[in-house]
Structures are given as C-alpha cells and as structure tokens.
Amino acid sequence: MRWWDLEPVLALEAELFPEDAWSAGMFWSELAHSRGPRATRRYVVAEAPDGRIVGYAGLAAAGGLGDVQTIAVARDQWGTGLGARLLTDLLRHATAFECDEVLLEVRVDNTRAQKLYERFGFEPIGFRRGYYQPGNVDALVMRLIVQGTGTEI
C-alpha cells in the first residue's frame, strides 16, 4: 500500500466498517512504519483487472509477535479467495519478520472472517469486551503459532 492508495482504501474502509472505520491518520501512521530497513509493518492492496482496489491488509510486527491490523475485501469479491490470499501474504511476512506467533482481533459477529482464520490455524484465546467502538462490540482474540511448529505458511 502506498500513499496514493489511501483514498480508495478509505472509501472501502467506510463502506465495510461504517461504525469503526480507520481514519486517514491511522493509515498514515501505519504506512510510516512500512518502508525501509527498519520496517515493522506490511500493508498491501489487491486490485481488480480494471485497477479498482478491492481489498487490503496490514500486519504489525515487533519482538517476535505479529498482529494482523486489518483485512478487508470488497463485498463483490467475497467468496473468491481474496481474503485468503491477503492473509497468506501477511503470514509470509510474519515469518520474514521472525514472528513466533500472530495475533488478531475479529468482531464476535463476523463469523465469515472467523472461519477464514480458523482455516489458517488460528485458535481463539480470549475476548476484548467492547473493543469495537462506538458500537461496543466485543472482539474475539485469535492466535497462530508460526515458528518452530513445522507449520508451513
């Protein structure tokens, strides 16, 4: 993801997450850590053949721990495997960042995403009450162990 992707990413973000969409400042802050030899972030976009951004994803890494910051797929792309491809990219980079485990939070009412994460081996480890604001929706915390387990990413 580059700065010129932010406008269409923000539009998709607002469409998919109207109650708790990230701000431009949040994306700028993440992108500031995604380039150069000391990068601790990986942000990617997926484009349709017509050049329209139809998905994006981001990972933060520090101290052997990766955290999936966001994954979003345009509704007209649901069921195409795009979410799995974006997650695969993030997990490959988690390995490159030498992460031992990857965590994520997912809305408790987002069963579609939970099933995707479970297919990749993520397991529930807890909840964050009222994590998604202003809707006061709980988050399910999930974890994937990626180093030293023989897990192929």
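The values are calculated or read from the model by the stated rules, or taken from the named source; none is laboratory data. All figures in this text were calculated on a predicted structure; none of them were measured in a lab. Virtual Cβ from ideal backbone geometry, glycine too; neighbours counted across all protein chains shown. When the accessible area is computed, the model is the full protein with side chains, heavy atoms only, and any ligands, DNA or RNA have been set aside. Shrake-Rupley method; radii C 1.70, N 1.55, O 1.52, S 1.80 Å.
Descriptive notes on the structure:
- Per-pair calculated FRET efficiency, R0 = 25 Å: residue 128 and residue 85 via Cβ, rounded to 0.05: 0.40
- Taking amide H atoms as placed 1.01 Å from N in the peptide plane, the amide H of residue 69 lies under 5 Å from those of 58, 59, 60, each 5 or more residues away in sequence or on another chain.
- Carbon + sulfur, % of accessible area of the chain - ligands and nucleic acids excluded, 1.4 Å: 50
- Residue ranges 121-134, 103-116 sort as 103-116, 121-134 when ordered by packing (mean number of other C-beta atoms within 10 Å per residue, highest first).
- Maximal additional length on extending the residue 109-residue 10 stretch stands at 33.4 nm, based on 0.36 nm per residue less the C-alpha distance.
- Nearest-0.05 FRET efficiency for residue 26 and residue 145, computed from C-beta distance (R0 22 Å): 0.20
- The chain, accessible area per residue, ligands and nucleic acids excluded (1.4 Å, Å²): 55
- Evaluated at q = 0.11, 0.14 Å⁻¹: base-10 log I(q)/I(0), Debye formula over Cα of the range 33-107: -0.28, -0.45
- Here's the picture: charge each Lys and Arg Cβ at +1 and each Asp and Glu Cβ at -1 in the chain, and of 62, 73, 25 the one pushed furthest to the positive end of that dipole is 62.
- Estimated purely from DSSP H runs of n ≥ 4, each contributing -39500 (n - 2.57), the mean residue ellipticity at 222 nm for the chain is -8500 deg cm²/dmol once divided by its residues.
- Of 101, 30, 19, the one that fluctuates the most in a GNM where the chain has Cα springs shorter than 10 Å: 19
- Taken about its Cα centre, the chain carries a charge dipole of about 200 debye when Lys and Arg each add +1 at the Cβ and Asp and Glu each add -1 at the Cβ.
- Added length on full extension, which subtracts the Cα-Cα distance from 0.36 nm per residue, residue 33 to residue 76: 12.4 nm
- Taking each residue as 0.36 nm, the span from residue 138 to residue 62 lengthens on full extension beyond its C-alpha to C-alpha distance by 24.9 nm.
- Heavy atoms of residue 7: accessible area, 1.4 Å probe, square angstrom to 10: 150
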